[in-house]
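Chemist: Attaching a single structure in structure tokens format; questions to follow.
The values are calculated or read from the model by the stated rules, or taken from the named source; none is laboratory data. None of the values given here were measured: they were computed from a predicted structure. Neighbour counts run over all protein chains shown; Cβ positions are idealised from the backbone, glycine included.
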Amino acid sequence: MEEKTIVIIEFDYHAEVLANAMKILIALNEYKILLFTSDKIWQQVRFSINQQESVEVHPANSAKEIQHLIKSRLKDINDAHAIFFNTIASNFKFFSSVEFIPPVILRIHNSNTYFNPVRSINPKLSPFYIWKDLSYLVLHVILKLDTVYRSKFIREKVDYFQFPCSTIANYALKNNYLPNDKLFPTVPYVFMDEVLPREASYSSTNIVILGGIDKRRRNYKEVYEAFKNLTPELNTPVKLSLVGKPFGIYGKNIIKNFRKLENDYFRVETFNSFVPQDKFDEITANANFLIVPAVKKTRYKLYKELYGFTKISGNINDMIIYQKPAIIPSFYPLEKSLQNHAEVYQDIDSLTAVLKRWINNADYKHYEVDTIIEDYSFENITKRTRDGLRKIV
């Protein structure tokens, strides 16, 4: 029987997503894998996948080596049965010029940027952003023609598109970003292969918000106002952990404001820099629940993205990885399989009400993850990937 080969290309930055994609493909036990990546990314993923005989790695030591590496191994790439771009965020001109023979699958991280860039341009009128946006326009849009070549790559080179969840895939279909026959089965960035032992404390309520304290990604002000309403009424110990680096004056002010709310029943844990992974894991494992204060609109480069519709919130992945119930804003379109593990809020008053019930009545226990969420089980994701590949290989 002929040995089947899949090429994976990741020269940009999604190391964790790449590692999980590799684990899935290795588990299929049907393909030899040719991985083309940067040496930096390979150093981040090599230990998590325990390099197998079925994996052949071709690292580029610098950005300048990428084109030479691909050209020198183009015959091997074109002898493969499929090519999977885990990310393409650079080298658009080069990759749009390469003649690929096997079907090409592209994982989409930011739908508006890749399918609707011109209408998604979202300038910010502040000195910092005007300078940043102008720099991006000059270097990437005008000189490198990234918008032109990204569109050319998507239009002429990509046969199938993969999204992290059905809500984002359905939004792309609804807005005619792609035809249905170009949709590869959705594959989440993360998966569950066992139910973790519950480490959360019940002597106090441990609440966690994960990620950098950055107003571009999370609405901390709304959470602060809810706790401002709530803390005078607390009669049971609560610990709120803001597990991320504060960004700019906004981040420092958020920490300062939360600290002013501390009393005998409420304390805040914060950090001044990036949180080491082992500490991050420890705090999250001990959480009773998460708050996911996602903003509706964010930006990638120069383009507007919509959390839940064109881009997934990393905190939704955290829900799955750490198997924690969460309180999330009502605008965010959760997958059906996650809805039993979350409660939504519309505004400050409703967030205050949900927090009061989850703390005083321990209502979060009704939403806890007690079994594998089927849509995110490793076996289910592996099967979807296998079925998708068998249709095109």
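Chemist: When you scan segment 248-335 for helices (runs of 4 or more DSSP H) that lie fully inside it, which ones turn up with 2 or more residues that are in contact (Cβ under 8 Å) with a residue 12 or more places away in the chain and over 22 Å from the mean Cα position of the chain (by Cα)?
Modeler: Numbers: elements: 248-260, 277-285, 314-322.
In segment 248-335, the matching helices (runs of 4 or more DSSP H) lie at 248-260.
Chemist: Something else now. Which members of segment 203-219 meet the condition of being farther than 15 Å from S313 by Cα and touching a strand residue (DSSP E or B) at 6+ places or on another chain (Cβ under 8 Å)?
Modeler: Correct list: S204, T205, N206, I207, V208.
Chemist: Among the residues of segment 357-373, what is the count of those that are more than 19 Å from the chain's Cα centre (by Cα) and either within 30 Å of K32 (Cα to Cα) or not charged (D, E, K, R) (or both)?
Modeler: Qualifying residue count for the region: 11.
Chemist: Does segment 336-391 hold any residues that are closer than 28 Å to A82 by Cβ, assigned to a helix (DSSP H, G or I) and among the hydroxyl-bearing types (S, T, Y), and which are they?
Modeler: S337, Y376, T382, T385 - these are the residues of segment 336-391 that are closer than 28 Å to A82 by Cβ, assigned to a helix (DSSP H, G or I) and among the hydroxyl-bearing types (S, T, Y).
Chemist: Here is a follow-up. Please determine, by comparing only the residues of segment 177-212 that are of a type in the set (D, E) and part of a loop (DSSP other than H, G, I, E, B), which one is nearest to Y114 (Cα to Cα). Break it down stepwise before answering.
Modeler: Residues of segment 177-212 of a type in the set (D, E): 181, 193-194, 199.
If we keep only those that are part of a loop (DSSP other than H, G, I, E, B) as well, we get 193-194, 199.
Details: D193: 32, E194: 35, E199: 41 Å.
The extreme case among them is D193.
Chemist: Got at least one residue in segment 78-97 being at pLDDT 95 or above, assigned to a loop (DSSP other than H, G, I, E, B) and among the aromatic types (F, W, Y)?
Modeler: Looking through segment 78-97, none of the residues is at pLDDT 95 or above, assigned to a loop (DSSP other than H, G, I, E, B) and among the aromatic types (F, W, Y).
Chemist: Quick one: in segment 354-393, which of the residues that are closer than 19 Å to E233 by Cα and surrounded by fewer than 16 Cβ atoms within 10 Å (Cβ to Cβ) is modelled with the highest pLDDT?
Modeler: So the residue we want is R357.
Chemist: Being surrounded by fewer than 17 Cβ atoms within 10 Å (Cβ to Cβ), without any contact (Cβ under 8 Å) to a residue 40 or more places away in the chain and over 18 Å from N315 (Cα atoms) is the filter here, so list the residues in segment 221-234 that pass it.
Modeler: K228, P232
Chemist: Among the residues in segment 305-324, are any among the aliphatic types (A, V, I, L, M) and more than 30 Å from N361 (Cα to Cα)? Working first, answer last.
Modeler: Kept after step one, since they are among the aliphatic types (A, V, I, L, M), are these residues of segment 305-324: 306, 312, 316, 319-321.
Okay, now just the ones that are also more than 30 Å from N361 (Cα to Cα), so 306, 312.
Taking every residue of segment 305-324 in turn, at least one turns out to be among the aliphatic types (A, V, I, L, M) and more than 30 Å from N361 (Cα to Cα).
Chemist: Suppose we filter A15, A63 for residues that are under 24 Å from I154 (Cβ atoms) and touching a Lys or Arg at 6+ places or on another chain (Cβ under 9 Å); which single one remains?
Modeler: Every option except A15 fails the conditions.
Chemist: While we're here: Of everything in segment 98-115 that's assigned to a loop (DSSP other than H, G, I, E, B) and under 20 Å from the mean Cα position of the chain (by Cα), which residue is surrounded by the fewest Cβ atoms within 10 Å (Cβ to Cβ)? Full working, then the answer.
Modeler: Residues of segment 98-115 assigned to a loop (DSSP other than H, G, I, E, B): 98-103, 108-110.
Subset that is under 20 Å from the mean Cα position of the chain (by Cα): 108-110.
Numbers: I108: 25, H109: 24, N110: 21.
Residue satisfying both the conditions and the ranking: N110.
Chemist: Residue by residue through segment 47-77, note down the ones that are modelled with pLDDT under 95, surrounded by fewer than 17 Cβ atoms within 10 Å (Cβ to Cβ) and assigned to a helix (DSSP H, G or I).
Modeler: Within segment 47-77, F47, S48 meet the criteria.
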